[in-house]
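Notes to accompany the following structure.
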Amino acid sequence: MAFQSDTDRSRSAAVIGGGPAGLMAAEALVRGGARVDLYDAMPSVGRKFLLAGKGGLNLTHAEPTEAFLSRYGERRTQIEPLLGAFGPEALREWALGLGVETFIGTSGRVFPVEKKAAPLLRAWLHRLRAEGVSFHMRHGWRGWDESGALRFATPQGEQLVHADAVVLALGGGSRARLGSDGAWVPLLAQRGVSVAALRPTNCGFDIGWSEHLRTRFAGHPVKPVVASFTDAAGTEFRKQGEFVVTLSGIEGGLIYALSASLRDEIEANVTAVIQLDLAPGWELQRLTDELSRPRGSRSLSSHLQSRVGIKGVKAGLLREVLSAQEFADPVKLAAAIKALPLRLIAPRPLDEAISSAGGVVFEALDRRLMIRDLPGVFCAGEMLDWEAPTGGYLLTACFASGRAAGQGVLAWLEVGAKGK
């Protein structure tokens, strides 16, 4: 590449956004010899990354390549080459280079041995600063001025910055308090860049519970359970896991895994219905036989618990959906236990979601992630138009796209340097 000398950093690159994608772009750029300045609107970088690691940083996933790539749905074609250059194994090796060992959990998810995000982030920032990256906090990007300079709102007033190339890694629209507020959307739209509307994904859904269920069971986990859903095209989604009842509906890992399809179904048909198997491993006939046994003086709730082990929040869900007559009918009750319908009426707001779908469409970018109509401006991370479930897939693609954008800048600057 053109920038191999540590003493000759004649070309400058601005990275806007200090999440995993932006930091990885900065790493690729500074190691390629560019002079790198990273800007972020928040007081410190990596805030959403740190939140993701609060319960144990799920860095990536160790499942087979084909299964891993399938998680990116309609955008697999665009994400696949990024992961081919920097996929799960490369990410684990990179973490090890920072002194962070990883392990594969029983679910195939990959975690740092300490299960925390902070040690990795601290080591990474220390290395980036040592390699020459300059950080500028509390710099909110406000687009360009008439001369093409980058505009930043800072505590000292507006500042203008000129750079030879720019990587935008501004995140999506979820968790605005952590910096991902989607404020960049109109700035790019004004420049004619095609941006798909930001929508929630890996999110919870509203149902509209009765007051009894809401006050009695909000916060209760439902497990084990199998959720299934069939979309308008007849495609069935089925997954086992757990979720949590909320004041307004449901959320949690099992629901997040289905959230993209459920969201699309609601957008198309107003509601979406999922079926819950509250007794995985039980055959319908066995359930019917057990519930048909005489209950004597026991209440229906006691009978349900003693015969098939259904109690608490699961029993509450059954009562929420079934009439008193249906609940008392062993055949109908057994059928509901194996396929309890829940009608979802809306996804939770974008700002509550773990991540967002939508963003700069890949058709507006070249293969190096440069915006075709804005030469020298590259995009990376969640602000691109793709989505994936939780489980390490989000982070892996953010790292990979940041690296690709940084290398894309180096290639573009090299071409420019040769032309002078």
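The values are calculated or read from the model by the stated rules, or taken from the named source; none is laboratory data. Since we're looking at a predicted model, the values are computed, not measured. Here the Cβ is made from the backbone with ideal geometry for all residues, glycine too, and neighbour counts use every protein chain on show.
Only a single criterion out of (1) in a helix (DSSP H, G or I); (2) within 28 Å of P375 (Cα to Cα); (3) out of contact with any strand residue (DSSP E or B) (no Cβ under 9 Å at 6 or more places or on another chain) is not satisfied by A90, namely (2). Inclusion of L57 among residues that are in the same structural domain as W412 (by TED's automatic domain parsing), farther than 30 Å from L187 by Cβ and surrounded by 22 or more Cβ atoms within 10 Å (Cβ to Cβ) is warranted.
The condition of being under 29 Å from S261 (Cα atoms), touching a helix residue (DSSP H, G or I) at 6+ places or on another chain (Cβ under 6 Å) and surrounded by fewer than 24 Cβ atoms within 10 Å (Cβ to Cβ) holds for only one of L98, L69, that being L69. Please determine whether any residue of the stretch 238-258 is touching a residue at least 60 places away in the same chain (Cβ under 8 Å) and among the hydroxyl-bearing types (S, T, Y). Yes: one or more hits. Looking across the stretch 268-289, the residues that are at pLDDT 95 or above and assigned to a helix (DSSP H, G or I) come down to L284, Q285, R286, L287, T288, D289.
Yes or no, residue by residue, for (1) modelled with pLDDT under 95; (2) over 18 Å from G17 (Cα atoms); (3) of a type in the set (G, A, S):
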{"site": "L91", "(1), (2), (3)": "no, yes, no"}
{"site": "K115", "(1), (2), (3)": "yes, yes, no"}
{"site": "W141", "(1), (2), (3)": "no, no, no"}
{"site": "A149", "(1), (2), (3)": "no, no, yes"}
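Selection of the stretch 230-258 for residues being touching a helix residue (DSSP H, G or I) at 6+ places or on another chain (Cβ under 6 Å) and surrounded by 17 or more Cβ atoms within 10 Å (Cβ to Cβ) yields G241, F243, V245. No other residue among A41, A25, A13 is closer than 27 Å to A183 by Cα, among the small types (G, A, S) and part of a helix (DSSP H, G or I) apart from A25. Search the stretch 154-180 for residues being surrounded by fewer than 19 Cβ atoms within 10 Å (Cβ to Cβ) and out of contact with any strand residue (DSSP E or B) (no Cβ under 8 Å at 6 or more places or on another chain), and hand back the single one that is nearest to G18 (Cα to Cα). Looking at the filtered set, the residue picked out is L178. Of all residues in the stretch 397-406, none satisfies being in the same structural domain as G55 (by TED's automatic domain parsing) and at positive phi. In the stretch 383-420, the residue that is modelled with the lowest pLDDT out of those that are aliphatic (A, V, I, L, M) and over 24 Å from the mean Cα position of the chain (by Cα) is A417. For the stretch 370-382, the criterion of a residue being farther than 23 Å from K54 by Cβ, basic (K, R), modelled with pLDDT of 95 or more and surrounded by fewer than 23 Cβ atoms within 10 Å (Cβ to Cβ) is satisfied by at least one position. When the residues of the stretch 123-148 are filtered to those that are closer than 20 Å to A405 by Cα and aliphatic (A, V, I, L, M), the one that is nearest to the chain's Cα centre (by Cα) is L125.
Exactly one residue out of G316, G359 is touching a residue at least 40 places away in the same chain (Cβ under 8 Å), outside any helix (DSSP H, G or I) and surrounded by 14 or more Cβ atoms within 10 Å (Cβ to Cβ): that is G359.
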